[in-house]
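Notes follow the structure.
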Amino acid sequence: MERSNNGSLNGRASTVVVEKPLLEAEPLTSTQVAVAPPSEAPAVHQEPEVESVQPLMPEPTPKKKNRKPLIFAIAGIGAIVAGNFGYNWWQYTSTHEETDNATVAGHIHQVSSRINGTVSEIEVNDNQLVKQGQLLVKLDPRDFETKALQAQAALEAAKRQANAAQATIPLAAETTQAKTVQAQGDVTAATSAISTAQAAVEEAKTAIPSAQAAVAEAQAGIPAAQAQVSQADATLQKAQTDYNRYANLYQQGAIARQQLDTAKAAYEVARAQKNAAEQGVQQAQARLAQARQGVARAQSQLAQAQEGVASARAKLTASQGGLQQATASGQQTQVNRAQYAAAQSAIAQAEASLKDAQLQLSYTNIVAPSSGRIGRKTIEVGQRVQPGSPLMAIVESDYWVTANFKETQLEEIKPGQEVEIKLDAFPHHIFKGRVDSVSPASGSQFALLPPDNATGNFTKIVQRIPVKIIFDSQSIQGYESRITPGMSAVVSVEHK
């Protein structure tokens, strides 16, 4: 007899179950189970009395059902579902290339200043929509307005100088032409007079010996006078060169007006000295003529002939001097033309300076280079900005996706194929697009330090090739302002 798990002593009553090994459940009879009626609780420290009872048989267990057909049915349905799913997945993967290494990209324009300046006005706020050419930031324009006014004044001064130089050109040309014609006529007349006088001298040669002394003395003064003319001419050329150089320096603003006036005065003095020297030559020649006239007075016919010769030669010399002066006047015309050309160059330079000043002034208004939304605004009113320092950025609404496919996935990817795009920001909406182009090189080739596979420690790594995917305009309707560059995406390219 063994005690069952449920068998216990409870007061004086107890139930004894005799377990019998059974192959099949047997029904219990009334004679197999006997339960003693309960009685009062025993006294303390008294052991309970155990009465003998008939062995109790366990309750019959229900017969187990055979569940194998149900399990086989469920397994068969699962196999069919798994096979259908696997077939669909195989069919999908055989006609699609997918990657989650993709991000949204777009045109981001950095807005910066071209000049140094202080921010006086800010016309936009963060995330605001702007149009191309719209005013974003205004810098303090007063310094640049002053420079523009200075450039305008310099241009006006250059124009006045050019007008003055231009006015002297025709006057000098006309004067030179008149002097040249007159000098040439005088030379011709003097040559004819000399011929006539020489004929008379031939008739009165007998009086020549008595007047040779006086003639020789008069001729001795001519070389000295001519030397003075040469010296005065050299002094005049030097003074003229200095005056031209000082005029150019004064036009450039390098010297004061006083220095130019001093150089001009020196030039006028040198020219007067040259004229005086030429007159000295004429005076020497006149003395020679007087000497010859003295010879003529000594001998009437010879004196008259010699006087005619001397007068004719004097006229020839004077005519030659006038011709030289006319030639010098022609050189002055060339000088005036050179001054006018220099004034024209000064005008061009002043105009360029004015345009530069106006351009710098226009840079005080910083406008949007394209339409889009404002982002990363980092300036405030009163801030001092430097050229090239970023002030804000403008993000265009023209977006695309850059998907980095493995190089083993590119065999069937071609431009124009349809693409499904899923953005992590909008998981319940599928966007449509198409393949635009494939990058000409892998991402590693555009890195700052491209890998060099010829170093001897080469390890083959599957490369990623960027593929540009353009959104379908219909599929992003309503999301234009919500899509931003940098969003993560999952793309699937259909290449069937």
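The values are calculated or read from the model by the stated rules, or taken from the named source; none is laboratory data. Quick caveat, the model's predicted, so the values are computed rather than measured. Positions of Cβ are generated from backbone atoms using ideal geometry, with glycine treated the same way; all protein chains shown enter the neighbour counts.
A Cβ distance below 6 Å, combined with a sequence gap of six or more or placement on separate chains, defines the contacts here; from the range 260-275, residues that are farther than 12 Å from Q237 by Cβ reach residues that are of a type in the set (D, E) in the pairs A263/D242.
When T61, T95 are checked against the criterion of being of a type in the set (S, T, Y), farther than 30 Å from D398 by Cβ and at pLDDT below 90, T61 stands alone in meeting it. If you go through the range 459-479 and keep only what is assigned to a loop (DSSP other than H, G, I, E, B) and more than 19 Å from E420 (Cβ to Cβ), you end up with T459, K460, I461, V462, Q463. The set of residues in the range 448-496 being in contact (Cβ under 8 Å) with a residue 60 or more places away in the chain and among the charged types (D, E, K, R) consists of R464, K468, E480, E494, K496.
A quick yes/no check of all residues on (1) within 30 Å of Q463 (Cβ to Cβ); (2) touching a residue at least 12 places away in the same chain (Cβ under 8 Å); (3) surrounded by fewer than 13 Cβ atoms within 10 Å (Cβ to Cβ); (4) not assigned by TED's automatic domain parsing to the domain that holds Q463:
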| residue | (1), (2), (3), (4) |
| --- | --- |
| R337 | no, yes, no, yes |
| Q344 | no, yes, no, yes |
| D356 | no, yes, no, yes |
| L361 | no, yes, no, yes |
| P369 | no, yes, no, yes |
| Q386 | no, yes, yes, yes |
| K414 | yes, yes, yes, no |
| P427 | yes, no, yes, no |
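Counting only strands (runs of 3 or more DSSP E) that fall entirely inside the range 334-444 and contain at least 1 residues that are over 30 Å from D143 (Cα atoms), the qualifying elements are 372-375, 390-406, 418-423, 426-438. On inspection, I115 qualifies as in contact (Cβ under 8 Å) with a residue 40 or more places away in the chain and assigned to a loop (DSSP other than H, G, I, E, B). Evaluation of F446 against the conditions (1) under 21 Å from D472 (Cα atoms); (2) surrounded by fewer than 18 Cβ atoms within 10 Å (Cβ to Cβ) shows that the sole unmet condition is (1). In the range 242-269, the qualifying residues are those that are more than 45 Å from the chain's Cα centre (by Cα) and among the hydroxyl-bearing types (S, T, Y), and the one that is surrounded by the fewest Cβ atoms within 10 Å (Cβ to Cβ) is T262. Here the condition is being crowded, with 16+ Cβ neighbours inside 10 Å, within 41 Å of the chain's Cα centre (by Cα) and at pLDDT below 90; of A172, A102, A165, it holds for A165 alone.
Of all residues in the range 113-132, count the ones that are under 16 Å from S371 (Cα atoms) and touching a Ser or Thr at 6+ places or on another chain (Cβ under 9 Å). If you could, list the steps in order and put the result at the bottom.
Initial filter on the range 113-132 (under 16 Å from S371 (Cα atoms)): 123-132.
The next check asks that each one be touching a Ser or Thr at 6+ places or on another chain (Cβ under 9 Å); those that pass are 129-132.
The qualifying residues number 4.
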